[in-house]
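Data block below; observations after.
The values are calculated or read from the model by the stated rules, or taken from the named source; none is laboratory data. No experiment lies behind these values; they were computed from the predicted model shown. Counting neighbours? That spans all protein chains shown, and the Cβs are built from the backbone with ideal geometry, glycine included.
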Amino acid sequence: MDNFQIETAQNVTINQNVAHLSTRIGSFLIDLLFIVGYYVIIILIMNALNLDMGNMWALMMLLSLPVFFYNLLFEVLMNGQSPGKRINQLRVVKLDGSKPTFGSYLLRWMLRLVDISLASGSVALLTILLNGKGQRLGDLAAGTTVVSEKKRITLEDTIIADIPLDYKPTFPQVTTLSDTDIQTIKGLYTKAKKNGNHNVILKLHMKVTELLELKTEMQPIDFIDVVIKDYNYYTQQM
């Protein structure tokens, strides 16, 4: 349940990083702390006002309305986040990655009673585990899910490249590059190669040969690949 892919109406594939269940529970507990803190403040204020029991209960009911609508209000006002979700970098989105409508938030909130309140969260827990897209009943009905906005570092995001043990470097000039340089080069190269964008690779080839002050007869795509591997080779020798 780490991620899933969806294809939009425009035939664009989007990777969704589904929020881990433990992180969602943590966000729920953070929100609960905010609610408890709110009630503590209310009680302290009412005690200071010395209200009679009838007025105290009436005021308590009135001031409890924000708690009743807590998740709905915050998700609408904070674009799919509650304070707990914001702290943990989670967000409610539509399955296609778009912003949910008010109707989606409302439907999701209404089914919260079944998901969480009536069964102490067991229905939501079971549905999320079985669904594979991080959806509780409310999400299934609203066409939403909860995603993590934390950057997940992959091998492609680093300067690391696989090189054989008997690798022989070609361009010692790569040692003049910095980690930031090679990370930028690798990022552009990987993305261009994945998308079949040869123009980017050609421009990258021209820029790197200029930086390294060298000439080569190698094909641009092979040259950039060698530069990345050479840099990794030399950094491993340090």
- prompt: If you check LEU214, LEU202, LEU188, which single one turns out to be touching a helix residue (DSSP H, G or I) at 6+ places or on another chain (Cβ under 9 Å), assigned to a loop (DSSP other than H, G, I, E, B) and either modelled with pLDDT of 85 or more or buried (at least 19 other Cβ atoms within 10 Å of the Cβ) (or both)?
  reply: LEU214
- prompt: In this structure, is ASP139 assigned by TED's automatic domain parsing to the domain that holds VAL36, among the acidic types (Asp, Glu) and touching a helix residue (DSSP H, G or I) at 6+ places or on another chain (Cβ under 9 Å)?
  reply: yes
statement: If we keep only residues of the stretch 92-113 that are in a loop (DSSP other than H, G, I, E, B) and without any contact (Cβ under 8 Å) to a residue 40 or more places away in the chain, then the residue farthest from PHE69 (Cα to Cα) is SER98
- prompt: Within the stretch 3-26, is there a residue that is among the acidic types (Asp, Glu), in the same structural domain as GLU75 (by TED's automatic domain parsing) and at pLDDT 85 or above?
  reply: no
- line: Being in the same structural domain as SER22 (by TED's automatic domain parsing), of a type in the set (A, V, I, L, M), within 14 Å of THR145 (Cα to Cα) and surrounded by fewer than 16 Cβ atoms within 10 Å (Cβ to Cβ) narrows LEU129, LEU95 down to just LEU129
- request: Could you grab me the full set of residues in the stretch 110-124 that are surrounded by fewer than 19 Cβ atoms within 10 Å (Cβ to Cβ), in contact with an Asp or Glu (Cβ under 8 Å, 6 or more places away or on another chain) and modelled with pLDDT of 85 or more?
  value: VAL123
